[in-house]
Amino acid sequence: MSITGNLKTMELAELMQWLSQSKKTGTMIIDNGTVKKQIHFRDGRIISSASTDPKEHLGHFLVSHGFINEMELSNAIEMQEKTGMLLGKILVTIGAISEEDLNRLLRLKAEESLYDIFSWTEGEFRFLDDELPERTFIPMSLEVTGLVMEGARRIDEWRRIREVIPSDQAIPVAMVESFNDSKLTAGQKKILDLVDDDRTIEEIALQTHSSEFHVCRVLFEQALQKKLKIVKPRWKEAAPAATPAMTDNVDAKSLVETAERHLDRDSYEQALRHLRAARSLEPDSKEIQKTVEAGETRLRDALEKEGVSLKSVPQLSTNLQELTASKISPQEGFMLTRINGTYDIEAIVKISPMPQLDALLVFWRLVKEGHIQLKKK
């Protein structure tokens with residue numbers, strides 16, 4: 001039996017409590033149009049989870065908490081591609097992290113991913129009865145009631161944080177020369193080290209591979225101690241783009257057709273947004289999924305023709321002073337700071353906390369804006 005619905009009409013806490021009380025076994029899939037998450041249940045208890053958000057993948061999670069750096073992540077990914085070993089096992093083998101810390105962080109990562117869903121105001125969900133992955137990589141058995149209570153507490157915590165930090169475009173400004181505190185973790189110190197009275201919350205989150213909540217929680221605590229203050233964004237925020245999947249009277253087929261028209265006009269970002277919306281609307285339709293995959297392939301091919309290839313080597317076309325004067329997005333800033341004239345796009349994308357197609361579009365924008373040029377190896 002498959003159960004489907006939307007979080008706008010059924011609260012996540014109510015849904016999960018029902019699955020728990022009914023002692024359900026199966027997989028719940030929740031898709032908000034940007035991120036898709038899976039929660040695996042056995043006899044009403046949560047045994048594992050998965051997410052398409054790169055920041056929630058193990059490597060980026062360990063970077064955000066200060067256990068490994070980007071170079072160690074890059075080396076581990078390269079070894080993983082050659083050997084097929086699990087990333088965590090590789091990191092333990094090369095001595096980047098202890099097995100004890102790895103197991104603790106794996107569980108913490110899974111829990112944080114689950115708590116994050118409670119902040120979603122909408123999203124399509126479906127429960128697939130008796131369907132579980134062949135194997136799970138994070139052995140755990142979470143009791144749903146405790147998870148729901150913590151999720152509710154996180155929502156209250158978010159409300160308190162938002163009173164001080166209204167959005168990810170706000171800028172933290174230090175009120176002290178340094179944040180010397182022996183109680184700070186390595187990950188917290190990395191976040192505070194990036195407070196330069198100019199970077200936004202979004203920029204700090206990208207540079208540290210962190211979730212917005214993780215960054216805001218660290219900065220909120222410092223704000224309460226009067227060690228920093230939060231100022232308004234440096235420019236007025238644009239209205240958020242409507243998510244096509246959440247628009248009334250829109251079907252997946254029309255979204256794909258709109259995406260194809262955007263591709264014809266080289267409006268690549270709009271095309272990708274509509275393709276993802278179509279996938280989210282009809283996740284069980286093999287026809288729609290096949291059409292969306294074809295659209296994404298067409299988008300990749302278009303970027304490839306414009307020189308944005310994984311094997312292309314990006315090089316800066318402007319100096320640091322000119323870049324500083326330009327209005328660079330946080331995503332563009334992340335990519336620009338990883339360009340050294342040697343790394344190809346593939347090497348940079350592997351350590352980027354963004355989906356690959358999104359990262360390729362960032363490089364495409366940088367080329368169009370004249371900030372970089374691409375050379376073949």
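The values are calculated or read from the model by the stated rules, or taken from the named source; none is laboratory data. Treat the numbers as computed from the prediction; the structure is a model and nothing was measured. Quick reminder, even Gly has a Cβ in these numbers, built from the backbone with ideal geometry, and neighbours come from all protein chains shown. These area figures cover heavy atoms from the full protein model, side chains too; ligands, DNA and RNA do not enter into them. Shrake-Rupley method; radii C 1.70, N 1.55, O 1.52, S 1.80 Å.
Things worth noting here:
- Any hit, segment 20-38, residues being modelled with pLDDT of 90 or more, within 19 Å of H214 (Cα to Cα), charged (D, E, K, R) and part of a helix (DSSP H, G or I): no
- Selection status of K8, open to solvent by 50 Å² or more (accessible area, probe 1.4 Å), assigned to a helix (DSSP H, G or I), farther than 25 Å from E143 by Cβ and of a type in the set (K, R): no
- Inclusion of R104 among residues that are charged (D, E, K, R), more than 14 Å from the chain's Cα centre (by Cα), at pLDDT 90 or above and at negative phi is not warranted.
- Tabulated pairs, segment 354-372, first of a type in the set (K, R), second assigned to a helix (DSSP H, G or I), C-beta under 7 angstrom, 6+ apart or interchain: R365/E332
- Residue match in segment 156-169 (condition: in a loop (DSSP other than H, G, I, E, B) and either closer than 30 Å to D284 by Cβ or polar (S, T, N, Q) (or both)): yes
- Only one entry of T145, T185, T200 meets the criterion of being among the hydroxyl-bearing types (S, T, Y) and open to solvent by less than 20 Å² (accessible area, probe 1.4 Å), and that entry is T200.
- Per-region count, segment 293-309, residues without any contact (Cβ under 8 Å) to a residue 40 or more places away in the chain and either in contact with a strand residue (DSSP E or B) (Cβ under 7 Å, 6 or more places away or on another chain) or closer than 20 Å to T337 by Cα (or both): 0
- Picking from residues in segment 111-129 that are in contact with a Leu (Cβ under 8 Å, 6 or more places away or on another chain) and aliphatic (A, V, I, L, M), the one that is farthest from N75 (Cα to Cα) is I117.
- Listing of helices (runs of 4 or more DSSP H) fully contained in segment 241-357 that carry 2 or more residues being open to solvent by 40 Å² or more (accessible area, probe 1.4 Å) and modelled with pLDDT of 90 or more: 252-264, 268-281, 286-305, 345-350
- Checking each residue in segment 358-370 for being assigned to a helix (DSSP H, G or I) and of a type in the set (G, A, S) picks out only A359.
- Looking across segment 90-141, the residues that are touching a Gly at 6+ places or on another chain (Cβ under 7 Å) and open to solvent by 60 Å² or more (accessible area, probe 1.4 Å) come down to D130, E131.
- Members of segment 203-226 found to be outside any helix (DSSP H, G or I) and open to solvent by 20 Å² or more (accessible area, probe 1.4 Å), listed by number: S211, Q225, K226
- Candidate set: segment 44-68, residues that are within 13 Å of the chain's Cα centre (by Cα) and hydroxyl-bearing (S, T, Y); chosen: the one surrounded by the most Cβ atoms within 10 Å (Cβ to Cβ): S64
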